[in-house]
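Participant: The following block contains the structure, expressed as structure tokens.
The values are calculated or read from the model by the stated rules, or taken from the named source; none is laboratory data. The structure presented is a predicted model; accordingly, all values stated were derived computationally and were not measured. Cβ atoms come from the backbone with ideal geometry, glycine included; neighbour counts cover every protein chain shown.
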Amino acid sequence: MKGSPVPTGEGSPGASVATSTSPGLRPPTRRGTELVMLAFAAGIVTLALILVELNQERSLSLRILWLGLAYLGLFACAHLAVRRWAPYADPAILPCVALLNGLGLVVIHRIDLALEGAPSADGTTVWDPVAFKQVIWTAIGLVLFAATLKFLSDHRTLARFGYTFGLIGLVALMLPGVLPGFIAPEINGAKIWLRIGPLSIQPGEFAKVLLMVFFAAFLVSKRDLFTIAGRRFLGMDLPRARDLGPLFAAWGVAVAVMVLQKDLGSSLLFFGIVLVLLYVATERAAWVVLGIGLFSGGAIIAWKLFTHVQQRVANWQDPIGRYDVFGGGYQISQSLFGLATGGIGGAGLGAGRPEMIPERNTDFIAAVIGEELGFVGLAAVLLIYMVLALRGLRGAISVRDSFGKLLGGGLAFALCFQVFIIVGGVTNLIPMTGITAPFLSYGGSSLLANYILIALLLRISAAARAPQKAPKPKPQQPAIADQHTVMVERPK
Amino acid sequence: MNTPLRRVGMAMMVMIVLLLGNATWVQVINADEWRKNSLNRRVLLDEYARKRGLITVADGTVIADVKETTDRLRYLRVYNNGPVYAQVAGYLSVTYGTSGMERVENDLLNGSDDRLLARRVSALITGRDPVGGNVQLTLDAKVQQVAYDQLTAKGFTGSVVAMKPGTGEILAMVSTPSYDPNRLASHDSNEQQAAWKALTAPDNGNPLINRATQGLYPPGSTYKVVVAAAALADGKNKDAQYTAAGTINLPGTSNAPFPNFNGQPCGPGQTVSMETALAKSCNTAFGEMAGQVGKSKLTTQSNKFGFNNDDLRVPLAVETSSLGAIPDEAALYQSGIGQRDVRVTPLQNAMVAATIANGGKRMQPYLVSKILGPDLKSIEDTKPDDVDTAMSSANAGVLRDMMIQSEVNTGGEGRLSNIQVASKTGTAEVGGSSEESRNKAPHAWYIAFAPAQKPEIAIAVIVENGGDRGLGATGGKVAAPIGRAVMNAYLVGR
């Protein structure tokens, strides 16, 4: 890293290694920057809301004020939580999330307006506005976010509970697939929900984060095992057969998810995350090649065996041609029609026809944004995601401990990969697989899980930027390969 | 670990760039394909939200109007006197799209045409709703009405096309059976579906088709005027002599008879003049005439009248009239009397009559006289366009005189008392073999123009399958009275 050993004044030598600020001064927290950017995001979101109201020819009612104020208040609280519990966190991450979440709220509200009075699919005319519910979910998400920051003062604590998290995550991931239909109903072809009373939750969203913690902890503790080379093949060092265990286990889980829950998106997301974690931990591309080979094999077999996989692929190849087929290209076609009609500049917020796009406020919300805000708006949203993921990755790169690097890298990649899978599906770049667009889509589970994810990223970035409290006992740091054993050791 | 992390960062950027690239493809480069897809109802709904332009006929009578509604589609298309104009004006249906003028002038009517750009911009600035431009047709309300009444009075299936020979303006274009486009334009989707189902039922005579431009029929004896024109161009005159035999064998065959109507000889002698042969519509003489002229010159002459024109737009698209392959001499004889594989649209046959009437100059037929902005100011006037010289004016005069004789020889009712008419009838056999054709009622044709010396209207009339006369139908008995009534409506009382 940036070694500038000029220890003078009161600053410790370690601090100058950790941060790029000049020694002797506390590095700036940049919380002021965050606040300004949050205010900017709030401005954009409020403007978007007003546009929707104007385009829908509604008077600016009190309800709007409610939504706007709720939004401002929530993120002001989130900002205060960061200021208090993670003062050195990356200043760009929270504003990006706030902008995405706010835009999502506006679009969900806009879709509510479009559906008012229109008959729903089952012929009833019950209007069920969900924007307010999403505000509540946002509030709960931010509470979780703040709680995570408060109670997790050091992300390395998580590594201690790696196996516990792994077990809970695995159970959560598999639960809807194995439970009977009355508690885990099949909705839109996917069996990924748990219904408890009036609540529907998607445990897979939380499993995503839990399993990432597990894999990061596991890989850091067993890291040297994976770097032992097996045979050389085609210029690559293949891992030894016995070390392939975790990869095969992950592959098995991914296939099980694909088969039992018919959830191609989660399966792909999960497997992609494991691959990236393996690659980062071992620094060896062989894992990626091997993993992609395994997944492709599994996917081809699934494609041969299961009609729901075949349908997705056929719909991807020719959405318009399969427009009238049951389970065919209708959804993708409508999405493409919306996107194409939006064109470069879009129809304008509130001036499009999102009611024609199916699953408009969950999986296909990117299509609504593309229709109303045009290519310009969609590109902006994608770039916000990119900034968000890259800032998360930046924290992972500059944090000192391996577990933090691995977890941060995995979380950032997960966010970006999820965006790729869903937006790629909506724009027909890849076959459509139903997962949510982080922070945009309506849905509590996704929002809560992603707020925890963001809290972890902020925690890691805070660790990366904060000055170290106490000087480390010199002269010698342990060799980097041994470092992890110190980290995961339970304190006396 | 930082190197692989940086590579993961690269991978993330690649993913976002891929998404951006694909979004560019979907929303910008290839957007038109999906935007204009007929399954994409957004564009249609947007069009409905705009006040669509009107379609009027020559005297300003509105045939396609708009009415404001309170439902989701803000404007309802209303067709006045719908069935009379149905195939020309077409329909505008949320479910079934558009046809006719509604289709070909859609951009103008819905206001998206580039010629309305300035007005759109001003509407944007002033905050008024943009509105479409108007289309004024060349149709003459009275002629159109008479033509429609004549065809429908006896329940005929057929078509009438009337043109102004000097300009190519289409005065009437009727196709029956017709339908009421208002049902398809309804905002009630059940009503639309019921109407569509009825209109497309197999035993309903296919009313949606515009027989004037899309119906291809054997022209029968009406084609003899084209053969005569070819012979005149080839240096023959009206006194050129041809066989008068009642029946001849087709060339190259020993036992394939080629008879006159009822097998009657054309005259007392061995031969007969071209003039008499046309007046009496003798098949044997015209078979021989076609044989002498030859395939090449006959094709050239036909093309000069407008055959084999693949992209004729009036601006409704017109099916291509053609002679067929004519593989041998026998086929050439049969083609000479408008049978075998010769196929023409009623519009094409009206063009033949109009071209002769216009001294051999073929005018481009057209239906739109002008397009008007929403403020009723003219944006574009159609100018008459003479596209080809089919005949010398001398030969056209000779042919006109022969057609006057033909009219004199033609029976049927409704002869015009004070107006001289030049005409040719046709009784086109339907079906391939003669066995088949004897059991199927023939199509009755009548092409004509009047007044013969100073033509103001040229027409083509076809009544499918004998009309009300069945096997005994002839062009003179069934089609001629309709044609005469239509010409009379235009010429008398003006």
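Participant: Is there any pair with a first residue in the range A:77-99 that is over 20 Å from A:Gln134 (Cβ atoms) and a second that is in a loop (DSSP other than H, G, I, E, B) and at pLDDT 90 or above whose Cβ atoms are under 6 Å apart and which are 6 or more apart or on different chains, and what are they?
Facilitator: Close Cβ pairs (under 6 Å, with a partner that is in a loop (DSSP other than H, G, I, E, B) and at pLDDT 90 or above) amount to A:Val82/A:Ala89.
Participant: Which of the residues belonging to the range B:12-66 are at the interface with chain A (Cβ under 7 Å from one of its Cβ atoms) and of a type in the set (S, T, N, Q)?
Facilitator: B:Asn22, B:Thr24, B:Gln27, B:Asn37, B:Asn40
Participant: Scanning for something assigned to a helix (DSSP H, G or I) and in contact with a Lys or Arg (Cβ under 7 Å, 6 or more places away or on another chain), does the range A:359-375 turn up at least one residue?
Facilitator: Within the range A:359-375, one or more residues are assigned to a helix (DSSP H, G or I) and in contact with a Lys or Arg (Cβ under 7 Å, 6 or more places away or on another chain).
Participant: Same structure again: Taking the conditions exactly as written (within 27 Å of A:Ile187 (Cβ to Cβ), within 10 Å of chain B (Cβ to nearest Cβ) and surrounded by fewer than 21 Cβ atoms within 10 Å (Cβ to Cβ)), does A:Tyr323 satisfy them or not?
Facilitator: For A:Tyr323, the condition - within 27 Å of A:Ile187 (Cβ to Cβ), within 10 Å of chain B (Cβ to nearest Cβ) and surrounded by fewer than 21 Cβ atoms within 10 Å (Cβ to Cβ) - is met.
Participant: Additional query: Which ones in the range A:164-184 are free of Cβ contacts under 8 Å to residues at least 12 places away in the same chain and crowded, with 16+ Cβ neighbours inside 10 Å?
Facilitator: A:Ala184
Participant: Looking at A:Val280, A:Val288, A:Val259, A:Val255, which is the one that is at pLDDT 80 or above, surrounded by fewer than 23 Cβ atoms within 10 Å (Cβ to Cβ) and in a helix (DSSP H, G or I)?
Facilitator: A:Val288
Participant: Which residues, counting only those in the range A:386-416, are at the interface with chain B (Cβ under 8 Å from one of its Cβ atoms) and either over 11 Å from the mean Cα position of the chain (by Cα) or at pLDDT below 95 (or both)?
Facilitator: Scanning the range A:386-416 gives A:Met386, A:Leu390, A:Leu393, A:Ala396, A:Ile397, A:Ser402, A:Lys405, A:Leu406, A:Gly409.
Participant: Next up: Search the range B:379-427 for residues being over 26 Å from the mean Cα position of the chain (by Cα) and free of Cβ contacts under 8 Å to residues at least 24 places away in the same chain, and hand back the single one that is nearest to B:Val344 (Cα to Cα).
Facilitator: Only one residue tops the list, namely B:Ala394.
Participant: Now a separate question. On the given criteria, is A:Leu244 farther than 26 Å from A:Ala172 by Cβ, at pLDDT below 80 and not aromatic (Phe, Trp, Tyr)?
Facilitator: no
Each row is one residue, and each column tells you yes or no for (1) small (Gly, Ala, Ser); (2) more than 14 Å from chain B (Cβ to nearest Cβ); (3) under 30 Å from A:Ala367 (Cβ atoms); (4) in contact with a Phe, Trp or Tyr (Cβ under 8 Å, 6 or more places away or on another chain).
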residue	(1), (2), (3), (4)
A:Leu260	no, yes, yes, no
A:Gly272	yes, no, yes, yes
A:Ala286	yes, no, no, no
A:Leu294	no, yes, no, yes
A:Ile301	no, yes, no, no
A:Gln331	no, no, yes, yes
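Participant: For the list (1) part of a helix (DSSP H, G or I); (2) crowded, with 23+ Cβ neighbours inside 10 Å, I need the number of the one condition that A:Ala437 fails.
Facilitator: Status for A:Ala437: all satisfied but (1).
Participant: Residues that are in contact with a strand residue (DSSP E or B) (Cβ under 7 Å, 6 or more places away or on another chain), part of a helix (DSSP H, G or I) and more than 7 Å from every other protein chain (Cβ to nearest Cβ): does the range A:445-452 have at least one?
Facilitator: Checked against the condition, which is being in contact with a strand residue (DSSP E or B) (Cβ under 7 Å, 6 or more places away or on another chain), part of a helix (DSSP H, G or I) and more than 7 Å from every other protein chain (Cβ to nearest Cβ), the range A:445-452 yields at least one hit.
Participant: Just checking, does the range A:396-417 include any residue being assigned to a loop (DSSP other than H, G, I, E, B) and β-branched (Val, Ile, Thr)?
Facilitator: Yes; the residues of the range A:396-417 include at least one that is assigned to a loop (DSSP other than H, G, I, E, B) and β-branched (Val, Ile, Thr).
Participant: Pick from the range B:232-280 the residues that are of a type in the set (Lys, Arg) and in contact with a Ser or Thr (Cβ under 9 Å, 6 or more places away or on another chain): which of them is farthest from B:Ser423 (Cα to Cα)?
Facilitator: Only one residue fits best here, namely B:Lys238.
Participant: Hey, can you tell me all the residues within the range A:306-340 that are at pLDDT 85 or above and among the hydroxyl-bearing types (Ser, Thr, Tyr)?
Facilitator: A:Tyr330, A:Ser333, A:Ser335
Participant: Something else: Check whether at least one residue in the range B:44-53 is touching a Pro at 6+ places or on another chain (Cβ under 6 Å), over 29 Å from B:Ala212 (Cβ atoms) and in a loop (DSSP other than H, G, I, E, B), and report yes or no.
Facilitator: yes
Participant: On to the next question. When only residues in the range A:344-375 that are within 24 Å of the chain's Cα centre (by Cα) and surrounded by fewer than 20 Cβ atoms within 10 Å (Cβ to Cβ) count, which is farthest from the other protein chains (Cβ to nearest Cβ)?
Facilitator: Step by step, filter the range A:344-375, then rank; the result is A:Glu359.
Participant: Follow-up question, since we're still on this one. Consider only pairs whose beta carbons are under 7 Å apart and that are at least six residues apart or on different chains; among these, list those whose first residue lies in the range B:457-485 and is in contact (Cβ under 8 Å) with a residue 40 or more places away in the chain and whose second residue is of a type in the set (Phe, Trp, Tyr) and part of a helix (DSSP H, G or I).
Facilitator: Pairs found: B:Ile457/B:Tyr490.
Participant: Among the charged types (D, E, K, R) and either under 22 Å from B:Asp180 (Cβ atoms) or away from every other protein chain (no Cβ under 14 Å) (or both): is that true of B:Arg77 in this structure?
Facilitator: Yes: the conditions hold for B:Arg77.
Participant: Let me ask something additional. Filter the range A:396-449 down to the residues that are of a type in the set (D, E, K, R) and touching a Leu at 6+ places or on another chain (Cβ under 7 Å) and list them by number.
Facilitator: A:Lys405, the sole residue that qualifies.
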